[in-house]
Amino acid sequence: STTHRSIQALAVTALFTIASCALPNSIPEQRGGGVAVLAGTGLEELNPADVAVAPVAIHMEDMSQRHRDAVPQWGLRQAMQRALVRRRYSPLSLDFVDSSVVNASYSAGAVGEQAVCEIIVHSWSERYWATEKRLDVDVEVRMVDPAAVEGSTPLWAARMDGMVALNSVTNYSSEEALRAAVLDEISLELVARMPARNLSAGSK
């Protein structure tokens with residue numbers, strides 16, 4: 001259909017745009033050691049292509065509004081897009097996804113995606129950023145089937161709780177670039193144990 005072709009075009013555009021972005025040079029060879037996989041039986045079977053990265057959900061009830069406001073929601077979503085491309089998924093344009101957001105809530109399947117990537121922030125502290133350029137975070141990512149009943153077990157989910165920092169902070173020309181690199185680090189860690197999309201013949 002015309003709608004599906006439009007979605008595919010957006011996905012392809014996003015794929016090539018995001019793939020061209022430079023990621024940190026300090027990525028270790030082994031990733032995901034500090035990540036807990038919470039669910040993971042359905043993603044390989046569904047093997048989705050187009051993924052909508054939903055607005056960040058902040059579950060930080062015990063933390064101050066200052067900590068909540070510090071969460072770089074847009075930057076986290078952009079970093080997750082870049083990480084998903086590394087796993088061979090095709091994230092849709094964030095502006096396209098957000099065109100279907102109502103009252104800060106995204107309804108799964110609203111843009112015809114084959115999977116939804118949900119980012120949930122349970123804790124976010126920049127206490128040591130000024131002195132050590134490190135973040136202390138507790139972040140969860142879920143891949144959800146948009147056709148599934150709300151509250152169902154996700155296709156895949158993982159969570160990391162701990163310190164995030166780069167091996168070197170001298171290779172970045174600005175504070176903005178350094179922060180983007182740290183967000184990339186968080187996202188790459190989270191998806192390190194995510195099954196990559198199967199591009200072989202016969203797959204979706």
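Please treat every number below as a calculation from the coordinates, not as lab data. Being a predicted model, the structure only gives us computed values, none of them experimental. Positions of Cβ are generated from backbone atoms using ideal geometry, with glycine treated the same way; all protein chains shown enter the neighbour counts.
Some notes on this structure:
- FRET E, pair residue 123, residue 46, Förster distance 41 Å, beta-carbon r, rounded to 0.05: 0.85
- Positive-end residue of 164, 53, 94, charge dipole of segment 44-177 with Cβ unit charges: 164
- Remark: segment 131-204 carries a charge dipole of roughly 360 debye about the Cα centre, counting +1 on each Lys and Arg Cβ and -1 on each Asp and Glu Cβ.
- Distance from the C-alpha centroid of segment 114-133 to that of segment 160-204: 12 Å, rounded to the whole angstrom.
- Relative packing of 51-60, 75-84, 33-42, which averages over residues the other C-beta atoms within 10 Å, highest first: 75-84, 51-60, 33-42
- Working note: Karplus 6.51/-1.76/1.60 with θ = phi - 60° gives segment 93-105 the couplings 3, 5, 4, 5, 4, 5, 5, 10, 7, 10, 6, 6, 10 Hz, where Gly and Pro are set to x.
- Over segment 32-94, Cα pairs under 8 Å with separation of 6+ residues give a relative contact order of 45 percent.
- When the Cα convex hull of segment 133-189 is projected onto planes of every orientation, the mean area is 4.9 nm².
- Length released on extending from residue 110 to residue 149, taking residue separation times 0.36 nm less the Cα-Cα span: 12.6 nm
- Distance between modelled label sites at residue 175 and residue 131, nm, 7 Å Cα→Cβ extension: 1.8 nm
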